[in-house]
1. From the phi of every residue in the stretch 93-108, what ³J(HN,Hα) in whole Hz does the Karplus formula 6.51 cos²θ - 1.76 cosθ + 1.60 yield, where θ is phi - 60° and glycine or proline is x?
2. If you only keep lysine pairs separated by 8 or more in sequence, or across chains, how many in the chain come under 20 Å at the Cα atoms?
3. Please label the shape of the stretch 43-82 as rounded, prolate or oblate, based on the square roots a ≥ b ≥ c of the eigenvalues of the alpha-carbon gyration tensor (a/c under 1.5 means rounded; beyond that, a/b larger than b/c means prolate, else oblate).
4. Nearest 10 degrees is fine. How inclined is helix 44-70 to the longest principal axis of the chain, computing both from alpha carbons?
5. Decide, for the chain, between rounded, prolate and oblate: order the square roots of the alpha carbon gyration tensor eigenvalues as a ≥ b ≥ c, take rounded if a/c falls under 1.5, and otherwise choose prolate if a/b is larger than b/c, else oblate.
6. Quick one: accessible area per residue over the chain, 1.4 Å probe, rounded to a whole number of Å²?
7. Mind putting a number on the dipole of the stretch 17-128 about its Cα centre? Charges go on the C-beta only, +1 for Lys and Arg and -1 for Asp and Glu, and I need it in Debye to the nearest 20.
8. Could you please state how large a percent of the accessible area of the chain is carbon and sulfur, counting protein chains only and using a 1.4 Å probe?
Amino acid sequence: FAVFFFGEKIKIYIWRMNWIILIIGGLFETGFALCLGKAQETTGKESYFWWAGFIVSLFISMFLLYKAISFGANPIPVGTAYAVWTGIGAVGAVFMGIFIFNEPVNFWRMFFVFTLIASVVGLKVVSN
């Protein structure tokens, strides 16, 4: 309906909105990885709160991925969206592991993380 009245501008706006939704979904994927790690470290009621955060983050993350691949006249292709979504989650999980869980940092680990980041950016650039 809006495409008929506003033409290409609304298509570009929706396409950008899909990418924003996808990026936010990827950040929630990082959040569910963090919650899962914290749930394994804790016990008692605190553990239940982390498990609840995991379930909520998981639901929101997957819902936003679904919206990014199905919203509007110009959705993001499934393969591209899934690769970007998991890439954001993977990079976020690595950095959360380093900064929150004190996981080791070495050259090769950082090299491959930055290679993953370059791949995600490349997919965004070449997708229509």
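1. 5, 4, 5, 4, x, 5, 7, 9, 9, 6, 6, x, 10, 9, 4, 5
2. Lysine pair count for the chain: 5.
3. Since a/c reaches 1.5 and a/b is larger than b/c, the shape of the stretch 43-82 is classed as prolate.
4. For 44-70 against the chain, the angle is about 20 degrees.
5. The shape class here is oblate.
6. So the chain comes to 64 Å² accessible per residue, rounded to a whole number.
7. 160 debye
8. The C+S portion of the solvent-accessible surface of the chain is 74 percent.
The values are calculated or read from the model by the stated rules, or taken from the named source; none is laboratory data. These numbers were taken from a predicted model, which means no experiment stands behind them. With ideal geometry, Cβ positions are generated from the backbone for all residues, glycine too; neighbour counts draw on all protein chains shown. Heavy atoms of the whole protein, side chains included, go into the accessibility calculation; ligands, DNA and RNA do not. Shrake-Rupley method; radii C 1.70, N 1.55, O 1.52, S 1.80 Å.
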